[in-house]
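In what follows, a structure is listed as structure tokens, so that the remarks can point back to it.
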Amino acid sequence: MLRADDLVFAHPGQPASYRFTLEAAPGQVTAISGASGSGKSTLLDLLAGFVHPASGRLTLDGVDLLPLAPEARPVSLLLQADNLFEHLSAEENARLGLPRGTPKAEAQERVASALAEVGLAGFAGKPAATLSGGQKQRVALARTLLRARAVLLLDEPFSALDDETRRTTRDLVGELTRRHGWHTVLVSHHADDIAALAEAHYRIVEGRLERV
């Protein structure tokens, strides 16, 4: 279980503070909603380690995550933009999820498997610049698979997609979350995405998380 217990944070120069408490179970999607500026991205930043709370605890299966730098946390982050390198192929972008020094033959096999799992078998050599928005998000998910981290943070990952692509991509996220036991935390303002994916739903109101 991913647990945030009374994480307190205030942006420099701002008196108002956030105080977050939540639980995110493995194999499930936990949704976070709230008005613009309510603190949704701040919560993700706290979970990822980009900002540090003044107090509180953050644990994964009892292990304290707060002392860990962002790169050392068992966390992957997928944004609205896919963050691919346009000049690299799908395979090369996905391969960035592997540890440095992974033997070439093993890397090729694992990347091919990950691309196949997200429905992109046969796309390995295609430049990212030629892929559709949904295909790019699938490459980013393949990279997440190869990172093999227990927590997946999603910040409006479907907003730039058309309706049909959004439905198929979010279905894939739900399937991968269940299959790999990820603790997936989804920030979204789309009620249909939350209804389709989330087993748990929190709303940020006046800097606090309320269970919906």
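Nearest 20 debye, what's the magnitude of the dipole of the chain about its Cα centre given +1 on Lys and Arg Cβ and -1 on Asp and Glu Cβ?
So the magnitude is around 340 debye.
Between helix 104-117 and the chain, what is the angle of the helix's C-alpha long axis to the longest principal axis, kept within 0 to 90° and rounded to the nearest 10?
Result, in degrees: 70.
Sum up the charges of everything whose Cβ sits under 12 Å from the Cβ of residue 173, counting Lys and Arg as +1 and Asp and Glu as -1, but leave residue 173 out.
+3
Charges at C-beta only: +1 for Lys and Arg, -1 for Asp and Glu. How large is the resulting dipole of the stretch 15-98 about its Cα centre, in Debye rounded to 20?
So the dipole magnitude of the stretch 15-98 works out to roughly 380 debye.
Rank by packing, highest mean first: peptides 49-56, 152-159, with packing defined as the count of other Cβ atoms within 10 Å averaged across residues.
152-159, 49-56
Run the reach check for residue 136 against aspartates and glutamates, Cα to Cα strictly under 13 Å, same-chain hits fewer than 8 apart removed. What comes back?
Here the aspartates and glutamates satisfying the reach criterion relative to residue 136 are 82, 86, 91, 92.
Angle, helix 163-180 long axis vs. longest principal axis of the chain, Cα atoms, 0 to 90°, nearest 10?
With rounding to tens, the tilt is 80 degrees.
Placing +1 at every Lys and Arg Cβ and -1 at every Asp and Glu Cβ, with all other atoms neutral, what dipole size does the stretch 85-148 have around its Cα centre, in debye to the nearest 20?
140
With n ≥ 4 as the cut-off for DSSP H runs, can you work out [θ] at 222 nm for the chain, using -39500 (n - 2.57) per run divided by the number of residues, rounded to the nearest 500?
Only helices count here, giving -10000 deg cm²/dmol.
Quick one: grab Rg to one decimal and Dmax as a whole number for the chain, Cα atoms only, in Å.
Cα radius of gyration and Dmax of the chain are 17.3, 54 Å respectively.
Express the relative contact order of the stretch 13-150 as a whole percentage, based on alpha carbon pairs under 8 Å and six or more residues apart in sequence.
In percent, rounded to a whole number, it is 23.
Just to confirm the number: angle between the C-alpha axis of helix 133-147 and the first principal axis of the chain, 0 to 90 degrees, nearest 10?
With rounding to tens, the tilt is 80 degrees.
How many angstrom lie between the Cα centre of the stretch 108-157 and the Cα centre of the stretch 1-27?
The stretch 108-157 and the stretch 1-27 have Cα centres separated by 29 Å.
Read-outs throughout are calculated quantities, based only on the coordinates presented, and are distinct from any laboratory measurement. Only a predicted model underlies this, so the values are computations on that prediction, with no experimental measurement involved. Counting neighbours? That spans all protein chains shown, and the Cβs are built from the backbone with ideal geometry, glycine included.
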